[in-house]
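I have placed the structure first, in the form of structure tokens, so that the comments after it can refer back to it.
The values are calculated or read from the model by the stated rules, or taken from the named source; none is laboratory data. Every value quoted in this text rests on a predicted model; they were computed, and no experiment measured them. Backbone-built Cβ (ideal geometry, glycine too); neighbour counts: all protein chains shown. SASA here: full protein model, heavy atoms, side chains in, ligands and nucleic acids out. Shrake-Rupley method; radii C 1.70, N 1.55, O 1.52, S 1.80 Å.
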Amino acid sequence: MYTKEMLEKWDLEYVWHPFTQMQQYQETETLMIAKGEGSYLYDVEGNKYLDAVSSIWLNAHGHARPEINQAIKKQLDLVAHSTLLGQANVPSTVLAKKLVDITPAGLNKVFYSDDGSTATEAALKLAFQYWQQKSSEYQNKTKFISLKEGYHGDTIGSLSVGGVDSFQAIFRPLLFQGYQAEVPYCYRCPWGLTREGCDLACTQQVEKIMQANHQEIAALIMEPEVIAAGGMIAVPRGYLAKIRQLCTEYHILLILDEVAVGFGRTGKMFACQHENVTPDLLCLSKAITGGYLPLAATLATSDIYQVFLGSENKKFIHGHSYTGNQLGCAAALANLEIFERENLLKKMQSKIDYLSQLLQEFWQLDHVGDIRQRGFMVGIELVADRETKKPFSPEYRVGQRVIMAARKRGLLLRPIVDVIEIVPMLSISETELEFACENTLASIATVLRDI
Ligand SMILES: *Cc1c(COP(=O)(O)O)cnc(C)c1O
């Protein structure tokens with residue numbers, strides 16, 4: 001057996017954590033997870049934590065869910081992995097059919113990869129190659145429109161269409177150029193408008209970009225419903241439908257990145273279903289396996305697929321070693337079965353309403369500027385001054401301190417700067433939702449009292 005001391009020492013000595021300032025990490029207490037069950041994670045000493053961010057937006061039905069565990073074990077006894085290059089396997093075939101069945105009509109082809117970044121990277125390359133092969137008149141369509149504060153992954157391609165400055169700044173010389181539109185961030189509207197009278201000015205800016213440059217634009221990429229890593233920004237109703245209309249009008253492909261919002265997180269299976277929009281390319285990952293194994297899928301229309309048929313050099317020139325991994329696909333199938341068997345999306349609606357009700361309590365805190373909720377994706381934006389919406393000075397590290405205070409209370413949260421996110425598992429109980437909200441509120445209150 002490895003002791004806690006041993007593990008902590010080795011963690012500090014050997015592991016380089018993602019998006020983590022390791023110098024600061026060394027000074028904070030290590031959280032060493034040993035196991036999970038349902039909504040909870042347990043550390044090596046047996047302390048219990050409510051996982052209120054679903055292990056960063058992955059987990060759907062709880063940790064160590066017997067049906068998913070069983071499906072993985074059953075597949076493991078058959079085969080763990082074989083390649084999808086020029087040959088097929090059973091679970092990836094069945095899963096592709098399922099994904100086509102449950103996504104909006106028109107998305108008929110499934111390209112597998114491993115995680116969110118590769119799902120969007122594949123979508124960008126598909127869109128690019130599509131126009132190159134579609135017809136000679138479209139060969140200048142090589143650029144992308146993306147949104148400020150959008151996030152599509154950390155590989156160079158997916159980062160190039162991102163908009164979160166702190167992720168991009170240092171790598172800017174490596175990134176390809178494109179067009180960036182303002183983010184539809186109603187709380188801090190770039191035009192200083194309010195939703196009632198704005199007539200979606202943000203889409204008018206997108207239209208202007210398209211009007212002037214459509215001949216060189218291959219696709220627009222965005223996260224529907226919630227712009228997640230950029231600050232849990234809730235996209236105003238009507239925006240997506242308008243963007244779909246504009247893309248069609250200007251011969252621009254629409255890539256929807258549902259890596260975070262897909263699989264029930266916003267209350268519908270897919271976020272684009274809130275506005276009955278069908279993208280040309282749909283990127284899925286994170287909760288696709290219920291949060292158990294890395295797997296991603298990029299779905300495409302038949303129109304796109306057709307353009308890749310014919311001579312050898314027209315094939316899609318892209319692929320990854322673990323494409324269509326059997327264990328991941330088996331987990332994904334078990335994940336989807338739970339949605340169906342439990343009629344989960346319907347059952348979830350009352351919990352979503354209950355969460356809205358619990359969130360009202362946060363207005364009692366003076367420094368809560370905005371509360372954004374779409375289903376089970378919540379962002380609570382903390383500000384120094386509610387009137388002026390002035391943010392806290394970064395040196396206070398308010399978000400980070402709230403998260404550490406919450407950990408002491410047995411609650412795992414994540415901050416996006418000073419936006420506190422709550423992203424519960426779809427399987428969370430009402431009592432657990434109460435625990436999550438009460439302790440988030442108490443943690444915020446404690447930190448605010450100290451500064
Ligand atoms: C997390 C995320 C990604 C990147 O996924 P990884 O699995 O971390 O590569 C891409 N797009 C969105 C919207 C995400 O939330």
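What the table below lists for this structure:
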{"quantity": "Which listed residue is assigned to a helix (DSSP H, G or I), among the small types (G, A, S) and in contact (Cβ under 8 Å) with a residue 60 or more places away in the chain, from A334, A297", "calculated": "A334"}
{"quantity": "Residue match in the stretch 378-398 (condition: within 19 Å of H61 (Cα to Cα) and in contact (Cβ under 8 Å) with a residue 24 or more places away in the chain)", "calculated": "yes"}
{"quantity": "Filter result (open to solvent by less than 40 Å² (accessible area, probe 1.4 Å) and either part of a strand (DSSP E or B) or within 12 Å of the ligand (Cβ to nearest atom) (or both)) within the stretch 125-159", "calculated": "F144, I145, S146, L147, G150, H152, G153, G157, S158, L159"}
{"quantity": "Lone qualifier among E395, E387 - being assigned by TED's automatic domain parsing to the domain that holds L41, part of a helix (DSSP H, G or I), surrounded by fewer than 15 Cβ atoms within 10 Å (Cβ to Cβ) and out of contact with any Leu (no Cβ under 6 Å at 6 or more places or on another chain)", "calculated": "E395"}
{"quantity": "Restricting the stretch 417-427 to residues that are in contact (Cβ under 8 Å) with a residue 60 or more places away in the chain and buried (at least 24 other Cβ atoms within 10 Å of the Cβ), the residue that is nearest to R341 (Cα to Cα)", "calculated": "L426"}
{"quantity": "Pair list, Cβ < 9 Å and 6+ apart or interchain, from the stretch 46-72 residues that are open to solvent by less than 40 Å² (accessible area, probe 1.4 Å) to residues that are of a type in the set (D, E) and part of a loop (DSSP other than H, G, I, E, B)", "calculated": "H61/E342"}
{"quantity": "Residue satisfying condition, being surrounded by fewer than 12 Cβ atoms within 10 Å (Cβ to Cβ) and either hydrophobic (A, V, I, L, M, F, W, C) or away from the ligand (no atom under 16 Å from the Cβ) (or both), within set M6, M32", "calculated": "M6"}
{"quantity": "Lone qualifier among A119, A96 - being touching a Cys at 6+ places or on another chain (Cβ under 6 Å), in the same structural domain as A181 (by TED's automatic domain parsing) and open to solvent by less than 40 Å² (accessible area, probe 1.4 Å)", "calculated": "A119"}
{"quantity": "Subset of the stretch 195-231 [part of a loop (DSSP other than H, G, I, E, B) and more than 27 Å from the chain's Cα centre (by Cα)]", "calculated": "C198, D199"}
{"quantity": "Flag for T323 being modelled with pLDDT of 95 or more, more than 30 Å from P190 (Cβ to Cβ), open to solvent by less than 10 Å² (accessible area, probe 1.4 Å) and within 16 Å of the ligand (Cβ to nearest atom)", "calculated": "no"}
